Structure formats: structure tokens, C-alpha cells
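Participant: Below is the structure I would like to discuss, written out as C-alpha cells.
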């Protein structure tokens, strides 16, 4: 799958593409339906299938003080898109300049850059200055400019409309089965194992640590997890997702203690699957009290995971 950054230098092979437009945070079942239709239409036309998305997410840029929680970072979106059958992903940097494009200018730039034959969007797609553009307005612009637009209706899962907002809500409440029903898979977070402060090792709980950096997570606390990417099958463990208030932490980390595991995996890309929430993150008066609760968390995670 090809990665294209920006609109001005789109390779000729991708001109005339069928384009899926959106933020695609989480790549849930609604997004998957949109992408599947894009690939289907592209095959019928003998064209390339392409996802056009934004980084950072528009709402992150527009509300830096209170950004929405992200279901997927760019690496995670890329991995999921890679398995979807798309030929390419085009990433537009959402910045002050793009923010000022009118809905008509956005449509014209899209057509000029790709010579797009068809755009596929969700029913609630918004674009252009102030979010003035809607899916219906894109249909009108496409008629004037010379490309088609297909609107995908909402996808319903278990009586609930599938959306990134609904997934975030289920995750925040620890409802992982409900989140999986909307995602079409278990919720995971992916990244490369980084060196932390080694505190867990000195306390008897060495952890595989993933940095969240500026990403705001939709969930936090202590969880029973399974980790993919360190062995042939999934490996059980217990994970803490938060800032570690007992030791004065500020930066958010995902720290996973892998049961009965001792190999060096620094730098390896792993994927942490959330199975069940054990409790919220807490501040303890002493390290001894924290370690005592960590032993309880390990016992509870082993029970939940059946190991």
C-alpha cells in the first residue's frame, strides 16, 4: 500500500482513483463498509482505491486544549488500512491553511490533484471552513466539477449506530465486548517498546512500556490484557494505562507486566489487546501499598484471563 503525503504531488498511477474520505479514527465497522465500497467501485472501474485522511485529526487541531480521545494513532490506522485492500492512503496535514479552505475549494483541489472519478463518504462527513461542507454539498460540487459522490448510510451493530463516539464511550466504561461489536475486532493499542525509568523492575514487576506522547486515550486504569507480537500466540498480562500518580508521573504510558516472561523486547512493535478493566488508576500513600495492590491486580488479571 502506497503512502502519499499532501495533494500537490500525487503520482500519475493514482489519478482517476476512487477515494474514501474521512478521519477514520478506529476503522470501525462503519469505516470498513465505506472502504469496502470504495474498493468495490474501484475494481469495477479499473481504478485505484485510495483513502484520504487527515493528521492531526481536525478536532485535535481545532480544540488543542480539550482534544477528543483517539482510538487509533497514525501507525495503528495504517496497519488496519493496510489489511483492508486499499491501494494507497493519502494524508493531508490539517493546519491553518487547510482549515481556511472553503468546501468548494476543497472539492476543486481534490479533483485537480487526483482527477477523481468517485468520492465515497459517510452520511455525516463534514469538511471545509467551519465544517460548512456536508456529504450532500459534496454531491453538488461533484456534479459541477465532474466527479461522482456516493454516500454510505449509517451502519447498525446490535441496535446501535456504529460511530467513533460510541466506541469511545464503551471503552471509557470498560465495555470491551460492546466496543468489539462496533469495531469488528477487539480493541488494541500498538507501538514500539520503549525504555522507561525501570521502576517496575526494581519493584518486581518489569514492564513493556509504550509511550502515548500527546495522544489522549479513550480509557485509563488497570486492565487484564493479551499482548501480540512477542510470541507465536497472544501472551497474558496486566497493564496500567495512565500517568502513575504515586510516583509523580506526568506523561501517560501504557505499561504491561507480562506473566512468566523474561525476554528482552525493547524496540519491538507489540499490540496490547484489552480484555477487561480491573480498576481505575489510584494514588497510593506509599510504594509498599502500591506494590500490595499490584499483587492483587496480577491475581485478578490471571483469573479473568484463565491463566
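Participant: Mind ranking 112-122, 164-174, 39-49 by how tightly packed they are, going by the mean number of other C-beta atoms within 10 angstrom, highest first?
Facilitator: 112-122, 164-174, 39-49
Participant: Under a plain spin-label model, where a point goes 7 Å from the Cα along Cα-to-Cβ, how far apart in nm are residue 156 and residue 136?
Facilitator: Placing both labels 7 Å along Cα→Cβ, they lie 2.2 nm apart.
Participant: When a footprinting reagent is the concern and you count Cβ atoms within 10 Å, what order do 223, 94, 54 take, fewest first? Intermediate results must be reported in sequence, preceding the final value.
Facilitator: On the way: 223 26, 94 19, 54 22.
The most exposed by this proxy come first: 94, 54, 223.
Participant: Which value, to two decimals, describes the C-alpha radius of gyration of the chain once divided by 2.2 N^0.38 Å?
Facilitator: Rg over 2.2 N^0.38 Å, computed on Cα atoms: 1.11.
Participant: Next question, about the same structure. Specify, per residue and in Å³, the volume enclosed by the convex hull of the alpha carbon atoms belonging to the stretch 188-305.
Facilitator: Each residue corresponds to 98 Å³ of Cα convex hull volume.
Participant: So for the chain: antiparallel DSSP bridges make up what percent, rounded to the nearest 5? Mind showing how you got there, number by number?
Facilitator: Numbers: 34 of 56 bridges.
Roughly 60 percent of the beta bridges in the chain run antiparallel, per DSSP.
Participant: While we're on this one: Set the Förster radius R0 to 22 Å, insert the Cβ-Cβ distance between residue 97 and residue 173 as r into 1/(1 + (r/R0)^6), and round the FRET efficiency to 0.05.
Facilitator: So the FRET efficiency works out to roughly 0.05.
Participant: What does the stretch 75-170 give for Rg and for Dmax, in Å, if only its C-alpha atoms count?
Facilitator: Spelled out, the Cα radius of gyration and Dmax of the stretch 75-170 are 15.0, 41 Å.
Participant: Taking the Cα centre of each part, how many Å lie between the stretch 238-307 and the stretch 97-160?
Facilitator: The distance from the Cα centre of the stretch 238-307 to that of the stretch 97-160 comes to 43 Å.
Participant: Between residue 129 and residue 302, what length in nm is gained on full extension when 0.36 nm per residue of separation is reduced by their alpha carbon distance?
Facilitator: Values: separation 173, 0.36 × 173 = 62.28 nm, distance 5.07 nm.
Answer, rounded to one decimal: 57.2 nm.
Participant: So in the stretch 8-164, what percent of DSSP beta bridges are antiparallel if you round to the nearest 5? Please report the intermediate quantities before stating the final value.
Facilitator: Values: 4 of 22 bridges.
Close to 20 percent.
Participant: Further, regarding this structure: Springs between alpha-carbon atoms under 10 Å, Gaussian network over the chain: tell me which of 70, 190, 144 tops the mean-square fluctuations.
Facilitator: Result: 144 has the largest fluctuation of those listed.
Participant: Using only the Cα atoms, work out Rg/Rh for the stretch 1-139, with Rh taken as the Kirkwood radius, to two decimals.
Facilitator: On the way: Rg = 14.1 Å, Rh = 15.1 Å.
A ratio of 0.93.
Participant: Determine the gain in length on full extension of the stretch residue 260-residue 2; use 0.36 nm per residue of separation and subtract their C-alpha separation, reporting nm with one decimal.
Facilitator: Here the segment from residue 260 to residue 2 would lengthen by 88.9 nm.
Participant: Same structure, new question: If each residue's Cβ is checked for other Cβ atoms within 10 Å, how do 307, 18 rank with the fewest at the top?
Facilitator: 307, 18
Where a number appears in this text, it was derived from the coordinates with a stated rule and is not lab data. Please read all numbers here as calculations on a predicted model, not as lab measurements. For neighbour counting, all protein chains shown are included, and Cβ atoms are generated from backbone atoms with ideal geometry for every residue, glycine included.
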